[in-house]
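The values are calculated or read from the model by the stated rules, or taken from the named source; none is laboratory data. What you are looking at is a predicted structure, and each value in this text was computed from that prediction instead of being measured. Backbone-built Cβ (ideal geometry, glycine too); neighbour counts: all protein chains shown. Quick note on the areas: whole protein, heavy atoms, side chains included, nothing else; ligands and nucleic acids left out. Shrake-Rupley method; radii C 1.70, N 1.55, O 1.52, S 1.80 Å.
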Amino acid sequence: MMFLKIRKRYLFYALALTSSAIASISAGVDVIAIRKYGEVYEEAPLLYGFSVFLVGFIITLLFCLIFSIPYKGRSLGSFLDPAFKHLRFVRKEEIAYHLLAGFGNAITTTGYFFVLTVMPDPSTVLPFYQTVILYLLLVEVIAEKNAPTLVEIQSSAIVTFGAILGSLSFKGEIDLSALAIVFLVVNPGWVLLSIYQRKLKLLKIRGEPNDSLNIRFWNILFSLAFMIIIMLILGQFFKKPLLTIGTESSINFFWLVSVIATLAFFSYIFHIRALGIGKASVTQAVKATTIVFAIPVTFILSMFIPIPFPTTPTLWLIRSIGFILVILGIISFAITQVRAYIFIRAAPGVRVAKLIEEIWKIKGVDSVSAVSGTYDVIARVTTRTLLKGYERIVKRLESIHGIKEFRWNSILKEWENV
Amino acid sequence: MIKAYILVKTRVGKLEKVLQKARELKNVESIAVVTGDCDLIVKVKVRDTEQLLQLTDELQTIDGIRQTTTHVIEKEITL
């Protein structure tokens with residue numbers, strides 16, 4: 001039992017790191033697959049993108065059904081995500097989020113495969129992905145009314161610069177057209193996917209937390225729907241039956257694509273679970289380690305397909321500095337978080353049920369409970385700095401009518417049963 | 001299903017040992033070391049009040065625990 005209790009922060013990093021390790025292997029297999037597609041089809045990135053969703057849907061459905069099998073009073077999938085019970089229908093309140101996340105996934109994936117055809121070395125493509133953290137910070141500032149702290153800005157800048165340095169190709173070149181696709185198509189798509197997946201994860205389904213397996217399943221179904229629309233539109237444009245060719249290519253390369261779909265399934269499940277714990281930008285920062293994992297993948301890949309190797313030590317030095325910066329940025333993100341329990345006493349005559357709803361509205365409150373005992377309410381909060389905790393939480397608590405007194409208890413260390 | 005917060009006060013110098021023992025207990029969802037009025041906040045999830053009593057009994061028998069206060073959760077809103 002004891003080994004199951006690990007520190008929550010470690011769980012978050014374990015999930016995000018596993019997700020990025022799998023993602024980098026998946027990126028390596030993508031390169032091989034896209035080459036194979038290129039040997040047969042002209043529109044390789046588009047067809048491959050479609051296959052990834054079509055085969056991905058079948059594989060995800062299969063996994064979700066297997067994980068729905070009950071075992072010792074819980075489902076098999078609950079070992080991956082404790083909130084998972086069984087595959088279920090999408091709920092009305094989820095549809096809007098799924099539409100946006102699915103659209104984001106469809107465009108980010110297709111864009112990404114276009115980039116892969118231009119730059120075949122995954123270790124030079126993946127880092128560009130990491131700059132998405134800047135978009136996420138910006139969106140969090142606007143959408144969650146959550147101004148980033150200096151640490152968040154600094155860490156993001158470090159991660160981004162590190163990613164750019166680490167992304168120099170072995171020839172020492174940066175492809176501008178690929179960069180444009182990443183910044184204008186891939187990253188905005190990924191932002192949509194990340195933000196709405198997080199919103200889905202935080203959504204309550206019949207009072208219970210939402211689970212990452214159902215989110216992934218429905219996300220891939222919605223993405224496939226968008227992909228079919230994209231294929232139909234482009235089919236009209238190119239005057240080709242792209243949908244038919246796409247289905248045919250999915251059958252021809254079913255086994256290869258199913259390997260990628262399996263890797264992607266697990267990478268996403270861990271990523272979505274991590275998103276439920278940490279902010280989207282922080283999860284993204286940890287995911288930046290993908291670029292470090294991508295190096296061994298590139299080496300292994302070079303045994304199968306020709307990838308140019310570094311020619312100068314200077315290039316190696318620059319790339320190494322890049323990786324060190326990425327890791328440093330992530331560490332500074334990790335160590336700057338303050339969590340606390342706040343014990344609250346309500347004033348006489350105040351309805352506690354209403355009071356906890358008021359407290360729940362405060363940004364940074366992770367949970368709020370009405371309790372019996374010395375106190376009336378216990379809230380658990382997370383904030384980047386103590387100053388922000390004062391600005392965002394303490395000031396708001398003081399303005400709530402019905403609170404007689406409250407006590408802030410900073411958490412020094414925490415374990416959680418997983 | 002009953003959830004509760006158990007606020008634990010420990011004797012000086014015993015915190016680490018109490019922590020080790022508390023982590024071995026069943027039905028404990030999370031343990032936090034905090035600053036303030038108490039030293040530990042243990043969140044538990046039990047089947048019924050009988051099990052809650054059993055758990056608080058087990059906690060109280062840990063050497064180094066000075067006082068426990070149980071706050072049963074009546075309603076919870078969480079992420």
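What is the number of the single condition among (1) open to solvent by 50 Å² or more (accessible area, probe 1.4 Å); (2) within 9 Å of chain A (Cβ to nearest Cβ) that residue B:19 does not meet?
Exception for residue B:19: condition (1).
So which residues in region B:22-55 are polar (S, T, N, Q) and either open to solvent by 20 Å² or more (accessible area, probe 1.4 Å) or in contact with a His (Cβ under 6 Å, 6 or more places away or on another chain) (or both)?
From region B:22-55, those polar (S, T, N, Q) are B:27, B:30, B:35, B:49, B:51, B:54; that's our starting set.
Those that are polar (S, T, N, Q) and either open to solvent by 20 Å² or more (accessible area, probe 1.4 Å) or in contact with a His (Cβ under 6 Å, 6 or more places away or on another chain) (or both): B:27, B:35, B:49, B:51, B:54.
Going residue by residue through region A:313-327, is there one that turns out to be touching a Pro at 6+ places or on another chain (Cβ under 7 Å), modelled with pLDDT under 85, assigned by TED's automatic domain parsing to the domain that holds residue A:283 and open to solvent by 10 Å² or more (accessible area, probe 1.4 Å)?
yes
All but one of (1) at pLDDT below 85; (2) charged (D, E, K, R); (3) more than 23 Å from residue A:324 (Cβ to Cβ) hold for residue A:216; which doesn't?
Every listed condition holds for residue A:216 apart from (1).
Do you know which residues across region A:363-396 are surrounded by fewer than 19 Cβ atoms within 10 Å (Cβ to Cβ) and among the hydrophobic types (A, V, I, L, M, F, W, C)?
If the condition is that a residue be surrounded by fewer than 19 Cβ atoms within 10 Å (Cβ to Cβ) and among the hydrophobic types (A, V, I, L, M, F, W, C), then A:386, A:387, A:394 are the ones that fit.
What are the residues in region A:369-391 that are closer than 18 Å to residue A:202 by Cβ and within 26 Å of the chain's Cα centre (by Cα), if any?
Correct list: A:380, A:381, A:382, A:383.
Looking at region B:6-16 only, could you name the residues that are in contact (Cβ under 8 Å) with a residue 24 or more places away in the chain, farther than 14 Å from residue B:37 by Cα and within 12 Å of another protein chain (Cβ to nearest Cβ)?
B:15
In region B:27-77, what residues are free of Cβ contacts under 8 Å to residues at least 12 places away in the same chain, within 10 Å of chain A (Cβ to nearest Cβ) and either within 19 Å of residue A:414 (Cβ to Cβ) or of a type in the set (A, V, I, L, M) (or both)?
Residues satisfying the conditions are B:32, B:34, B:35, B:36, B:77.
On the basis of being over 14 Å from residue A:253 (Cα atoms) and either assigned by TED's automatic domain parsing to the domain that holds residue A:275 or buried (at least 16 other Cβ atoms within 10 Å of the Cβ) (or both), does residue A:96 make the cut?
Judged against the criteria, residue A:96 is a match.
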